[in-house]
């Protein structure tokens, strides 16, 4: 699972927020998208994209936590929150370069995507297959292949 991330394809994401509802239901037994660890950003008129923690190798959120409430699991690479230590100061939220950490208003602690133990529920329920869970290498290979196939289609269309 290490080096695997959630990837949102902006060409497929319609901004429906089902991923947010699934996440909050799975993790918090609620349908409140504010309790989700994945976020949808609508970039009108361009489109939408979902994003969650990318499990950075340099872990700025872990480094700034004054209470040592965050740690990166050595095996999975997932950032884990110790809710007993977290006081909700928000330093990790400020340090995250992707804006992927949320604040739980009920528990007053940080919320970070834990990738559902390597089987993200949001991916399973995305109705448009906009979310995938794979390695960065697989994502980039797939994108390169897609670009090449589109280029070939375009060239074939010009020959006709």
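The values are calculated or read from the model by the stated rules, or taken from the named source; none is laboratory data. Here the structure is a predicted model, which means the values were calculated and not measured. In this analysis, Cβ positions are derived from the backbone assuming ideal geometry, glycine residues included, and neighbour counts consider all displayed protein chains.
Within segment 29-50, the residues that satisfy the criterion of being assigned to a strand (DSSP E or B) and crowded, with 18+ Cβ neighbours inside 10 Å are 39, 40, 48, 49, 50. Every residue in segment 28-60 that is in contact with a helix residue (DSSP H, G or I) (Cβ under 9 Å, 6 or more places away or on another chain), without any contact (Cβ under 8 Å) to a residue 24 or more places away in the chain and closer than 21 Å to residue 9 by Cβ, please. Listed by number, the list holds a single entry, 33. For segment 51-63, the count of residues that are modelled with pLDDT under 95 and not in a loop (DSSP other than H, G, I, E, B) is at least one. Listed by first and then second residue, the pairs linking a residue in segment 62-79 that is touching a residue at least 60 places away in the same chain (Cβ under 8 Å) and on the phi > 0 side of the Ramachandran plot to a residue that is surrounded by fewer than 17 Cβ atoms within 10 Å (Cβ to Cβ) and not in a strand (DSSP E or B), with Cβ atoms under 9 Å apart and 6 or more places separating them unless they lie on different chains, are 77/1; 77/2; 77/3; 77/57. For residue 151, which of the numbered conditions (1) out of contact with any strand residue (DSSP E or B) (no Cβ under 9 Å at 6 or more places or on another chain); (2) modelled with pLDDT of 95 or more fails to hold? Here residue 151 meets the rest and fails (2).
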